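Asks: Sending over a structure as structure tokens; questions will come in a sec.
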Amino acid sequence: MKINFKSLAKYLFFFGLGIFFVWLSVKDIDGESWKKIKQAVTHGRKWVIIPVIIMLFLAHYVRALRWKLLMEPLGYKPTTFNAFAGVMIGYLVNGGVPRLGEVFKCTLLARYEKFKVDKLIGTILVERAVDVICLLIIFLIAILLQGEIFGDFMMERLRIFFHNKAGQLSYTKLIIAGSVFIFLLLVFYFILKRFGHIDIVAKIKVVIKNIIHGLSSIRYLQHKGLFIVHTILLWGFYFLSTYAGLYALKETQHLGLAGAVTVLAVGSVGMIITPGGIGAYQLLIAKLMVLYGLDEKTTGTASGWLLWSAQTFIILVGGVACFALISRYNKKRTDIEKPPGN
């Protein structure tokens with residue numbers, strides 16, 4: 001078997017990054033703090049984990065339904081199970097190698113539904129663009145609802161990032177970043193135009209064309225209203241599962257709806273940084289709890305690990321189950337669709 005050292009190196013890097021964040025989140029916890037963490041979880045409302053898992057499952061199911069809507073303009077109509085299985089298996093693969101799951105779920109669906117992978121990747125890009133917009137809205141809501149806690153913290157971080165040491169906006173940084181981006185785009189465009197006759201470049205052009213075709217699918221959605229409803233439901237289930245997770249611990253139940261919005265915003269960033277959010281999610285949530293006057297080592301760690309564990313559990317169980325069922329499901333489906341006598 002040929003080993004892809006680039007993919008292996010990428011996996012090891014992000015896995016190592018996740019382990020590093022896990023270490024950061026627990027390195028300062030002493031024996032007494034571990035007792036408090038155990039006490040917080042033991043005295044928490046354990047039954048809440050059931051509605052949390054149900055809402056996360058529904059969120060993934062709605063994501064599959066929304067994905068199907070994006071495929072309609074391309075003439076693709078996969079079964080709901082195949083779309084759902086693709087979503088869950090994609091999440092499972094993402095837990096090992098970030099972003100690989102997006103390509104894998106498109107490849108998987110293309111295999112069983114006889115679709116073109118490139119066009120499916122275009123729909124994933126649309127999905128991610130919509131989710132980024134939704135996440136920005138969540139951040140804005142968090143700032144509006146809890147400006148005195150979260151807003152000042154975020155504004156300070158943005159000021160540090162975009163300003164120089166003198167505290168002034170650094171136009172030099174903005175110009176350099178913009179210039180580099182434009183230069184890379186021009187180089188890429190030149191290569192496509194100048195060397196389009198070369199096989200590898202020609203294939204890249206075909207892939208780009210199919211991706212653009214997939215991206216354009218949102219313009220031709222047959223059910224735009226339903227797409228918006230699914231998007232609201234998707235993020236609504238994410239929000240409710242976060243709120244329920246905070247309610248599970250007596251130390252965080254007082255954070256309420258506004259606190260749940262903030263935790264959802266910050267936690268979503270952690271899920272992006274490392275595979276499955278391992279380490280980064282727990283660390284960010286623990287740091288966030290400090291802004292609410294809660295102890296980072298105990299309440300912060302307990303809430304971070306509790307919320308992350310529920311999300312990871314549904315992905316592991318759902319992903320493995322779909323892996324086991326998708327081949328059998330499509331075999332039966334093929335047998336049913338076969339004309340009599342074949």
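The values are calculated or read from the model by the stated rules, or taken from the named source; none is laboratory data. These figures come from a predicted structure and were not determined experimentally. Cβ placement follows ideal geometry from the backbone for every residue including glycine, while neighbour counts extend to all protein chains displayed.
Asks: Can you name the residue in the stretch 225-238 that is under 19 Å from P51 (Cβ atoms) and touching a residue at least 60 places away in the same chain (Cβ under 8 Å) and, of all such residues, is surrounded by the fewest Cβ atoms within 10 Å (Cβ to Cβ)?
Replies: L233
Asks: Can you list residue pairs whose Cβ atoms sit under 8 Å apart, with the first residue in the stretch 118-140 being over 22 Å from I204 (Cβ atoms) and the second being crowded, with 20+ Cβ neighbours inside 10 Å and of a type in the set (G, A, S)? Count only pairs 6 or more apart in sequence or on different chains.
Replies: Here the result reads L135/A265; L135/S268; I138/A265; I138/S268; F139/A265, each pair linking the stretch 118-140 to a residue that is crowded, with 20+ Cβ neighbours inside 10 Å and of a type in the set (G, A, S).
Asks: Let me ask something additional. Would you mention how many residues in the stretch 69-84 are crowded, with 20+ Cβ neighbours inside 10 Å and among the charged types (D, E, K, R)?
Replies: Here the count works out to 0.
Asks: Of the residues that make up the stretch 248-266, is at least one closer than 21 Å to Y61 by Cβ, crowded, with 20+ Cβ neighbours inside 10 Å, out of contact with any His (no Cβ under 7 Å at 6 or more places or on another chain) and not small (G, A, S)?
Replies: Checked the stretch 248-266: at least one residue is closer than 21 Å to Y61 by Cβ, crowded, with 20+ Cβ neighbours inside 10 Å, out of contact with any His (no Cβ under 7 Å at 6 or more places or on another chain) and not small (G, A, S).
Asks: Identify, from the list G300, G319, the residue that is over 21 Å from H60 (Cβ atoms) and either over 20 Å from the mean Cα position of the chain (by Cα) or of a type outside the set (F, W, Y) (or both). Spell out the reasoning first.
Replies: Values: G319 fails: over 21 Å from H60 (Cβ atoms).
Answer to the check: G300.
Asks: Do we find a residue being surrounded by 10 or more Cβ atoms within 10 Å (Cβ to Cβ), of a type outside the set (A, V, I, L, M) and modelled with pLDDT under 75 anywhere in the stretch 134-146?
Replies: From the stretch 134-146, those surrounded by 10 or more Cβ atoms within 10 Å (Cβ to Cβ) are 134-146; that's our starting set.
Next, only the ones that are of a type outside the set (A, V, I, L, M) stay: 134, 139, 146.
Remaining after also requiring modelled with pLDDT under 75: none.
Checked against the condition, which is being surrounded by 10 or more Cβ atoms within 10 Å (Cβ to Cβ), of a type outside the set (A, V, I, L, M) and modelled with pLDDT under 75, the stretch 134-146 yields no hits at all.
Asks: State whether the residues of the stretch 11-31 include one that is surrounded by fewer than 18 Cβ atoms within 10 Å (Cβ to Cβ) and modelled with pLDDT of 80 or more.
Replies: No; the residues of the stretch 11-31 include none that is surrounded by fewer than 18 Cβ atoms within 10 Å (Cβ to Cβ) and modelled with pLDDT of 80 or more.
Asks: Looking at R99, R128, R111, which one is of a type in the set (D, E, K, R), surrounded by fewer than 20 Cβ atoms within 10 Å (Cβ to Cβ) and at pLDDT below 80? Before the answer, list the steps.
Replies: Working: R128 fails: at pLDDT below 80; R111 fails: at pLDDT below 80.
None of the other options fit; the residue is R99.
Asks: Filter the stretch 322-336 down to the residues that are over 14 Å from E113 (Cα atoms) and in contact (Cβ under 8 Å) with a residue 24 or more places away in the chain, then identify the one that is farthest from the chain's Cα centre (by Cα).
Replies: Selected residue: L325.
Asks: If I ask for residues that are modelled with pLDDT under 85 and crowded, with 23+ Cβ neighbours inside 10 Å, which ones from the stretch 282-298 would you list?
Replies: Within the stretch 282-298, Q282, L283 qualify.
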